[in-house]
Amino acid sequence: MAKKETKTNAMRMLDEAEITYQVHVYDTEDGKLDAVTVAEKLNQDPDQVFKTLVTVGNDRNHYVFVVPGNQKLDLKACARAAGVKSVEMIPQKTLLPTTGYIHGGCSPIGMKKQFPTWIDETAQLFDTICVSGGKVGLQVELNPADLIELIDGKYAAIAVE
């Protein structure tokens, strides 16, 4: 008997919105979970495998930024996009209680609360991008315009090499 695929909250939301996506599963036993290594494991372009980073602004609100895995957040650009004086990464220990996701499995889709979210503008260069599917070892590949619409996101220049 075939093992039933367990759907994550992100996958359920995509199904509910009738958004086409592809699931990619990768091995996590080596402990290498950075987005560039994940891209290699999935035989994907690292420019198309995006990581989801959660920040807190000086106004104490949370902001989510989705950037190519081989780049870093430009915190000044993120603050400008969010319209606040500054943003900083949230402490890793607060990620799960804040988003419902663990480090390495944080998806911009299906967080406990939908925070204002920006995706690096380079996502528009691709027909599809990969983001976490909501658990470590799982990515979903989808059209960036579908992702923007689903999460009510915006594009911005927020990444630096």
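Remarks
- For a straight C-alpha distance cut-off of 17 angstrom, the aspartates and glutamates reachable from Lys112 (same-chain residues fewer than eight places away being disregarded) are Glu16, Asp152.
- Calculated accessible area for segment 35-161 comes out at 47 Å² per residue, all protein chains present (probe 1.4 Å; ligands, DNA, RNA ignored).
- Amide H within-cut-off set for Leu138, under 5 Å, with H built and near neighbours excluded: Tyr26, Gly133
- Per atom type, the chain shows carbon and sulfur on 49% of its accessible surface, probed at 1.4 Å.
- Comparing Cα centroids, segment 18-79 and segment 130-161 end up 8 angstrom apart.
- Summary value for the chain: 28 percent relative contact order, contacts being C-alpha pairs under 8 angstrom separated by 6+ residues.
- Dipole magnitude of segment 14-161, debye to nearest 20 (Cβ charges: Lys/Arg +1, Asp/Glu -1, about Cα centre): 860
- Gyration tensor (alpha-carbon) shape descriptor, segment 1-138, a/c threshold 1.5: prolate
- Antiparallel beta bridges, as assigned by DSSP with both residues in the chain, represent about 75 percent of the total such bridges.
- Under the Karplus curve 6.51 cos²θ - 1.76 cosθ + 1.60, θ = phi - 60°, whole-Hz ³J(HN,Hα) for segment 23-40, x wherever Gly or Pro sits: 8, 10, 10, 9, 6, 10, 5, 6, x, 8, 10, 5, 4, 5, 5, 4, 4, 4
The values are calculated or read from the model by the stated rules, or taken from the named source; none is laboratory data. None of the values given here were measured: they were computed from a predicted structure. Positions of Cβ are backbone-derived with ideal geometry, glycine not excepted, and every protein chain shown enters the neighbour counts. Keep in mind that these areas ignore ligands, DNA and RNA; they rest on the heavy atoms of the full protein, side chains included. Shrake-Rupley method; radii C 1.70, N 1.55, O 1.52, S 1.80 Å.
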